[in-house]
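Below: one structure, written as C-alpha cells.
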Amino acid sequence: MVAAGTLLRSGHRVQLPDGAPSLDPIMRERVDQLLAVLSAEGATPPAADSVGARLGIPPALIDQLRAAGELISVAPRIDYPRAAWLEISHRLDLLAAAGAPSVRRVRDDLGTARRHAEAILRHWNRSRTSP
C-alpha cells in the first residue's frame with residue numbers, strides 16, 4: 001500500500017496521505033477568533049491563554065498552536081499570530097537597515113509597551129542568529 005501511494009510511511013508509522021490532524025469546525029472557528037483578537041491588538045496583544053480561556057479553547061490546544069507555528073511565543077504571556085509576527089519582523093528589518101534597533105526605537109515605531117518591545121527585540125535577534 002505504501003508503494004502504491006495509498007499510505008505514507010514515516011519510520012515505523014504509516015498514515016493516510018491526507019491524514020494531517022485537523023480541528024473540528026467549532027474549535028477552528030474559536031482558534032480563528034483567537035488569532036483575529038491577537039492580530040487586532042497589533043504589537044501589544046493580550047495574553048493568548050486568557051483570550052483562549054474566554055473563547056473556550058483548552059490550554060493544550062494553545063500549546064499545540066505554538067508548537068505548530070500558528071502562534072509565535074516571544075516571551076511568557078506574549079504571543080503573536082504568525083502573520084502578525086512576520087509583519088513585526090519585517091518592520092524590524094527596516095529599522096535595522098537604518099541602524100541597530102534599540103528598545104526605545106522598537107517601542108516607538110510599533111507603538112507598544114517597553115515590556116513588549118524588549119521581548120520582540122530579543123526574539124527577533126534570536127531568530128536572526130539561529131540557523
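At-a-glance table
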item: Residues of segment 86-97 classified as open to solvent by 60 Å² or more (accessible area, probe 1.4 Å) and either in contact (Cβ under 8 Å) with a residue 24 or more places away in the chain or farther than 18 Å from S39 by Cα (or both), total; result: 3
item: Residues within segment 42-59 that are free of Cβ contacts under 8 Å to residues at least 24 places away in the same chain and under 18 Å from I72 (Cβ atoms), tallied; result: 5
item: Residues of segment 80-122 satisfying the condition of being outside any helix (DSSP H, G or I) and more than 23 Å from L65 (Cα to Cα); result: A98, G99, A100, P101, S102, G111, T112, A113
item: Hits in segment 51-60 - residues which are in contact with a helix residue (DSSP H, G or I) (Cβ under 7 Å, 6 or more places away or on another chain) and either open to solvent by 70 Å² or more (accessible area, probe 1.4 Å) or over 17 Å from A84 (Cα atoms) (or both); result: G52, L55, G56, I57, P59
item: Single match in R28, R54, R13, R77 (criterion: basic (K, R) and under 18 Å from R115 (Cβ atoms)); result: R77
item: Candidates L34, L65, filtered to the one that is buried (at least 17 other Cβ atoms within 10 Å of the Cβ), in a helix (DSSP H, G or I) and touching a strand residue (DSSP E or B) at 6+ places or on another chain (Cβ under 6 Å); result: L65
item: Those residues of segment 37-50 which are open to solvent by less than 50 Å² (accessible area, probe 1.4 Å) and hydrophobic (A, V, I, L, M, F, W, C), in sequence order; result: L38, A43, A47, A48
item: Only one of A100, A83, A117 that is surrounded by 15 or more Cβ atoms within 10 Å (Cβ to Cβ) and of a type in the set (G, A, S); result: A117
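The values are calculated or read from the model by the stated rules, or taken from the named source; none is laboratory data. As the structure is a computational prediction, the values presented were derived from the model and not from experiment. Cβ coordinates were reconstructed from backbone atoms using ideal geometry, including for glycine residues, and neighbour counts include every protein chain displayed. Ligands, DNA and RNA are stripped out before the accessible areas are found, and what is left, the full protein with its side chains, is counted by its heavy atoms. Shrake-Rupley method; radii C 1.70, N 1.55, O 1.52, S 1.80 Å.
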